[in-house]
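A.B. asks: Quick one: the structure is below, and I'll ask about it shortly.
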Amino acid sequence: LTIAACLMGAILLAMTLQYARRTNIGPFDLERAIMAGEMKPYYQPVMNLKTGKLIGCEVLIRWVKKNGEVVPPGAFIDYAEMSGLAIPMTLSLMEQVRFDLDHICRQVPDFKVSINLFEGHFRDGSIVEDIQSVFDGSGISYRQLVFEITERRPLDDRNAANRVMTAMHKLGVRIAMDDAGTGHSNLAYLQTLGIDIIKIDRIFVEMIKDPTDPVPVIDGLISMARELDIDIIAEGVETQAQALYLRGRDVVLAQGYLFAPPMPAKPFLTLAHALKPQ
Ligand code: C2E
Ligand code: CA
Ligand code: CA
Ligand code: CA
């Protein structure tokens, strides 16, 4: 057993080092960056297509280096997951979100904040305690929080995931299936996990060229969500035609470059105050 464990450890280390070489991120760089507070939340507005008002945001991580360079998450999140740093990284992000959004969440009771989680969070129930330790007694109430889990990778331990999601639901937070349509979601999967929201993936929204040309995958996802009484957010909305198509099907929540890219807290809060519902 010990030999097997050592072997596994060695393989993992080799994989991590190989990944580090490919991406130019050393094994200790990420840990140092988290400790030094270089992992920052950026905020992308989520809009109501009917009213043109901002209803909340998605938190997207950026590595903001001391020299000002901004590294997108694609360059380091797989590495964070492999090296076990995903959990402390998310905790640090949530603490900053609490600080940045406390005020607007008190002012606008319907303001929603969406945070991406890793698959590992659904194996290790500590996310529930982390959420409580950060948000208990803050201006951000549980009903304002949404946690996203991607459909791209299957949840390997469905029972554990179910237990974690049940505990999260008990707190009053909601759970969104991210990248919907790219994986293996079907009615049963979404229903047993008690998913509250689906986020239609950008690759499908991209297929909308003209508001009058139906895109069957999108219409299928919409009717599946309606069947289960699940809310819908469309991501990657870049054109007016896409927004019109979605509005025409009563999909009212959307995010994308048509409205705004992810941005640091300061400009986001300026925009949010201008576009918030009265
Ligand atoms: P995602 O959760 O699907 O996030 C949406 C991605 O699309 C973001 O990329 C966002 O910047 C980008 N995006 C938004 N609107 C548009 C648009 O109109 N057009 C185009 N082309 N792109 C748009 P980003 O920030 O690079 O993040 C990539 C992925 O990294 C995210 O995909 C998510 O899976 C992951 N990620 C980001 N931050 C976190 C985090 O804090 N925790 C975890 N677990 N994953 C994260
Ligand atoms: Ca997401
Ligand atoms: Ca997504
Ligand atoms: Ca996506």
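Where a number appears in this text, it was derived from the coordinates with a stated rule and is not lab data. As the structure is a computational prediction, the values presented were derived from the model and not from experiment. All Cβ positions, even for glycine, are placed from backbone atoms using ideal geometry, and neighbour counts span all protein chains on display.
A.B. asks: Can you name the number of the only condition in (1) in a loop (DSSP other than H, G, I, E, B); (2) of a type outside the set (Lys, Arg); (3) within 14 Å of ligand 1 (Cβ to nearest atom) that residue 156 fails?
C.D. replies: Going through (1) in a loop (DSSP other than H, G, I, E, B); (2) of a type outside the set (Lys, Arg); (3) within 14 Å of ligand 1 (Cβ to nearest atom) one by one, residue 156 breaks only (3).
A.B. asks: Out of everything in the stretch 186-203 that is under 19 Å from residue 238 (Cα atoms) and assigned to a helix (DSSP H, G or I), what residue ends up being nearest to ligand 4 (Cβ to nearest atom)?
C.D. replies: So, considering only residues that are under 19 Å from residue 238 (Cα atoms) and assigned to a helix (DSSP H, G or I), the one nearest to ligand 4 (Cβ to nearest atom) is 202.
A.B. asks: What number of residues in the stretch 42-62 are in a strand (DSSP E or B) and out of contact with any Lys or Arg (no Cβ under 8 Å at 6 or more places or on another chain)?
C.D. replies: Restricting attention to the stretch 42-62, the residues satisfying the condition of being in a strand (DSSP E or B) are 42-48, 54-62.
So of that shortlist, the ones also out of contact with any Lys or Arg (no Cβ under 8 Å at 6 or more places or on another chain) come out as 43-45, 48, 58-60.
Total satisfying the criteria: 7.
A.B. asks: Quick one: which of 212, 166 is away from ligand 4 (no atom under 14 Å from the Cβ), in a helix (DSSP H, G or I) and either in contact with a Phe, Trp or Tyr (Cβ under 9 Å, 6 or more places away or on another chain) or among the hydroxyl-bearing types (Ser, Thr, Tyr) (or both)? Outline the logic, then answer.
C.D. replies: Details: 212 fails: in a helix (DSSP H, G or I).
Going through 212, 166 in turn, just one is away from ligand 4 (no atom under 14 Å from the Cβ), in a helix (DSSP H, G or I) and either in contact with a Phe, Trp or Tyr (Cβ under 9 Å, 6 or more places away or on another chain) or among the hydroxyl-bearing types (Ser, Thr, Tyr) (or both): 166.
A.B. asks: Quick one: in the stretch 186-232, of everything that is surrounded by fewer than 12 Cβ atoms within 10 Å (Cβ to Cβ) and among the hydroxyl-bearing types (Ser, Thr, Tyr), which residue is farthest from residue 157 (Cα to Cα)?
C.D. replies: Once the filter is applied, the top-ranked residue is 212.
A.B. asks: Only residues that are more than 13 Å from the chain's Cα centre (by Cα) and within 11 Å of ligand 1 (Cβ to nearest atom): list them for the stretch 98-121, please. Step through it out loud before you land on a result.
C.D. replies: Kept after step one, since they are more than 13 Å from the chain's Cα centre (by Cα), are these residues of the stretch 98-121: 98-111, 120.
Hit for the stretch 98-121 is 120, nothing else.
A.B. asks: Name the single residue that is nearest to ligand 4 (Cβ to nearest atom) among those in the stretch 169-185 being aliphatic (A, V, I, L, M) and under 15 Å from residue 224 (Cα atoms). Walk me through how you get there before you give the answer.
C.D. replies: Filtering the stretch 169-185 down to residues aliphatic (A, V, I, L, M) leaves 171, 173, 175-177, 180.
Narrowing the set further to residues that are under 15 Å from residue 224 (Cα atoms) leaves 176-177, 180.
On the way: 176: 12, 177: 11, 180: 9 Å.
The extreme case among them is 180.
A.B. asks: Another one. Which condition from (1) without any contact (Cβ under 8 Å) to a residue 40 or more places away in the chain; (2) crowded, with 16+ Cβ neighbours inside 10 Å is the one that residue 274 breaks?
C.D. replies: Failing condition for residue 274: (2).
A.B. asks: To continue, here is another question. Could you run through the stretch 77-100 and say how many residues are outside any helix (DSSP H, G or I) and either out of contact with any Leu (no Cβ under 6 Å at 6 or more places or on another chain) or among the acidic types (Asp, Glu) (or both)? So that I can check it myself, show each step before the final result.
C.D. replies: Step one: filter the stretch 77-100 for residues outside any helix (DSSP H, G or I), giving 83-85.
From what's left, either out of contact with any Leu (no Cβ under 6 Å at 6 or more places or on another chain) or among the acidic types (Asp, Glu) (or both): 83-84.
Within the stretch 77-100, residues that are outside any helix (DSSP H, G or I) and either out of contact with any Leu (no Cβ under 6 Å at 6 or more places or on another chain) or among the acidic types (Asp, Glu) (or both) number 2.
A.B. asks: Same structure, new question: Anything in the stretch 58-110 that is within 16 Å of ligand 4 (Cβ to nearest atom) and touching a residue at least 12 places away in the same chain (Cβ under 8 Å)? List them, or say none.
C.D. replies: We begin by selecting, within the stretch 58-110, every residue within 16 Å of ligand 4 (Cβ to nearest atom); these are 58-61, 72-74, 77-78.
Of everything in the stretch 58-110, those that are within 16 Å of ligand 4 (Cβ to nearest atom) and touching a residue at least 12 places away in the same chain (Cβ under 8 Å) turn out to be 58, 59, 60, 61, 73, 77, 78.
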